[in-house]
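Report on the structure given below.
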Amino acid sequence: MEPLENSISILIIEDNPGDQVLLEAHLENTHLSIAKITMASTIAEGIRYLQQDSFSLIFLDFFLPDSNGLESYTELTKINSKIPVILLSGLSDTALSLKAISLGAQDFLLKGSYDSQSLEKSVWYSIERKKNIELLKENNERYDIISKATNDIIWDWDLLTHKVKWIGQGLKNYLPLDQSLENIPGNFWVRGLHADERKKVVGGLHKVIEECANSCESDYRFLKNDGTYAHINSRGYILKDEDQKPIRMIGSLQDITDRKNAELETQKARREAEEATKTQEQFLANMSHEIRTPMNGVIGMTQLLSSTALSADQKEYVATIQESAANLMVIINDILDLTKIVAGKISLIKADYIFSDIVNNSIKINQYRADEKGIVLKSHIDKNIHPFLCGDAVRLNQILVNLVGNAIKFTEQGEVCVNVHLLEENEQSVTLEFVVTDTGIGIAQDKVEFVFERFIQISGASTRKYGGTGLGLTITRQLIELQGGTIHVKSEQDKGSVFTFYLTIQKGKSPVLYENKPAPAQFANTLEGVQILLVEDNIINQKVASKCLSTRGALLDVANHGKEAIEWLKKKKYDIILMDLQMPEMDGYEATRIIRTEMTEAISITPIIAMTASALIADREKCLQAGMNDYIAKPFFAQELNEKILMQLEK
């Protein structure tokens, strides 16, 4: 028997002086840590002491001058029911004492029959038992409050007796309406488990016990009294004996139906969003193909026409067609770019590049348009900027080309300037300020804040006069923000605009420049004698590609789809294959797979360039993954196609 944690204070309510002295003497001979003993001869006196002081234990004589029998005990519990009470009774009062114990008294002692040892045990057990009863009461109250507040169910499983105690208001949702909460059947839980999950859940619980784990958790469906199933989250904690064997489990059942339904709705929404994204991507691919394929014919035939002998009027007509086609391609590219950005399909690449080349290239690309309008186009690069940077040069070039092109578009006279300043520099990166200034029509103050919004032009008149989708600046801002930068504009109507953006770019190393290797002797930088298999189902595109390549000396055979291409390859060896992707009978992907895996080695190594009408990055990557060596997007320029073919022949 371990000593009590703290010193105890005892109140003795006894009217017999001899019994008072005897009890006090025996208490002093115990090993109990007694701080104080207080004597009272009546219930009234005892109650007065209780109201003035705190006690660890009360000894109570049943028959006192001002009270007798159970009345004495009842009056004390009204003052403080948490103090353990030991009754002092005569032999004839045993039945009465047992009745008092059933009401909450801890023990009774027969007067004249106890000694110090038995008295010590009675005191110790009474205090500890009362403490445990109060703790249990508090826990039960706590469980009840929790269950009422949360509608959870608390369960207490004795693993030795296999009896389960259930607590909680939530039980009313699962038990028959006439079922008492105090008499829940032993098979209540197992019977309520969904038939499809019963074996798995019960087996998992027994496995946890066998493995002597500390806790368990599972989700399952449980039958409600309305015939439906609730989604339940069950958690259990295992109590063990001194040998670490499980003897008891305490846990809870929580109804998570709302959360589960929300998760299912979220999953459904995610699936629908993914399906919508796939549908959108497929629509983009189809739209890209359907628009770019005829555009390839328009632009290709116009290029061929421009190389023939034309009158002055005819040259003007051809130039107008070319300019209109170029404007249409800008619109198509803007729509595709914006859709890819919104869908999160734009990924930035990191590569070393020469910074000045990017700025100068944006000037060169727009120079002819500036010259046509008689506008001065110039640039200045801070000489202190590190010459080699690392990042996505293509996207930086796109940003500058968009801003410079936009400035030229809305400038009728004067100049467009590109200035780049170094703001900050450390060992890893540089922070740059890019300023594009023009002397164009400017933007009204009430319109400035809208220039980066989608599909918005500064006025209907500018849309009619200058054309466009209103997407260029939107794409530019999003590309800048994608790289962690910001952009803003200052403008005044009829006085021009200043677009300023900031980017922090990693420093790089001098990029590896490919040497301009001479073409193999048999081709000598031309396509003279090159055997080409053109796989293309569109007749106009067949004519465009055939004419562009044959005028450079190439020898072409044309297949209308993948199956025809395979037949041509069985009969003849080619230096290179130009493969369209979307074709009837057999598409370019399947034809490439057969060439790479099922044909002879001499044929399987033939370079294949995909000619795709899709501008989607995913489709370009798919081409390379399918075994193609390169790709070219329709519409293409004859010189671009020529260079790609030569590049493959040089390898």
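The values are calculated or read from the model by the stated rules, or taken from the named source; none is laboratory data. Computed from a predicted model, the values in this text were never measured in an experiment. We place every Cβ from the backbone using ideal geometry, glycine too, and count neighbours over all the protein chains shown.
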Subset of the range 607-629 [more than 33 Å from the chain's Cα centre (by Cα), modelled with pLDDT of 85 or more and surrounded by 16 or more Cβ atoms within 10 Å (Cβ to Cβ)]: 607, 608, 609, 610, 611, 628, 629
Residues (over 51 Å from the mean Cα position of the chain (by Cα) and at pLDDT 85 or above) located in the range 506-540: 527, 528, 529, 530, 531
Candidate set from the range 379-419 (those that are among the charged types (D, E, K, R) and within 25 Å of residue 352 (Cα to Cα)); member that is surrounded by the most Cβ atoms within 10 Å (Cβ to Cβ): 392
In the range 186-202, the residues that are part of a loop (DSSP other than H, G, I, E, B) and over 32 Å from the mean Cα position of the chain (by Cα): 186, 187, 195
Positions within the range 544-573 being closer than 17 Å to residue 610 by Cα and out of contact with any strand residue (DSSP E or B) (no Cβ under 9 Å at 6 or more places or on another chain), in sequence order: 544, 548, 563
Tabulated pairs, the range 54-68, first within 13 Å of residue 96 (Cβ to Cβ), second part of a strand (DSSP E or B) and at pLDDT 90 or above, C-beta under 9 angstrom, 6+ apart or interchain: 60/11; 60/12; 60/13; 60/85; 60/86; 61/12; 61/13
Among (1) in a helix (DSSP H, G or I); (2) of a type outside the set (Gly, Ala, Ser); (3) modelled with pLDDT of 80 or more - the single one residue 434 does not satisfy: (1)
Condition met for residue 309 (assigned to a loop (DSSP other than H, G, I, E, B) and either under 23 Å from residue 393 (Cβ atoms) or at pLDDT 75 or above (or both)): yes
Condition met for residue 604 (more than 29 Å from residue 305 (Cβ to Cβ) and modelled with pLDDT under 95): yes
Residues being surrounded by fewer than 22 Cβ atoms within 10 Å (Cβ to Cβ) and not in a strand (DSSP E or B) - total across the range 23-55: 23
Odd one out for residue 113, checked against (1) of a type in the set (S, T, N, Q); (2) in contact with a Lys or Arg (Cβ under 9 Å, 6 or more places away or on another chain); (3) within 21 Å of residue 17 (Cα to Cα): (2)
Given (1) within 17 Å of residue 118 (Cβ to Cβ); (2) under 60 Å from the mean Cα position of the chain (by Cα), index of the condition residue 59 fails: (2)
Any hit, the range 72-86, residues being surrounded by 15 or more Cβ atoms within 10 Å (Cβ to Cβ), assigned to a loop (DSSP other than H, G, I, E, B) and either more than 60 Å from the chain's Cα centre (by Cα) or not assigned by TED's automatic domain parsing to the domain that holds residue 24 (or both): no
Any hit, the range 224-241, residues being β-branched (Val, Ile, Thr), over 19 Å from residue 196 (Cα atoms) and either surrounded by 13 or more Cβ atoms within 10 Å (Cβ to Cβ) or within 34 Å of the chain's Cα centre (by Cα) (or both): yes
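Each row is one residue, and each column tells you yes or no for (1) out of contact with any Asp or Glu (no Cβ under 9 Å at 6 or more places or on another chain); (2) in a loop (DSSP other than H, G, I, E, B).
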{"residue": "157", "(1), (2)": "yes, no"}
{"residue": "160", "(1), (2)": "yes, yes"}
{"residue": "165", "(1), (2)": "no, no"}
{"residue": "184", "(1), (2)": "yes, yes"}
{"residue": "204", "(1), (2)": "yes, no"}
{"residue": "252", "(1), (2)": "no, no"}
Options 89, 116; residue that is under 22 Å from residue 47 (Cβ atoms), surrounded by 14 or more Cβ atoms within 10 Å (Cβ to Cβ) and not basic (Lys, Arg): 89
Pairs where the first residue, in the range 73-101, is more than 22 Å from residue 55 (Cα to Cα) and the second is of a type in the set (Lys, Arg), C-beta under 7 Å, 6+ apart: 90/111
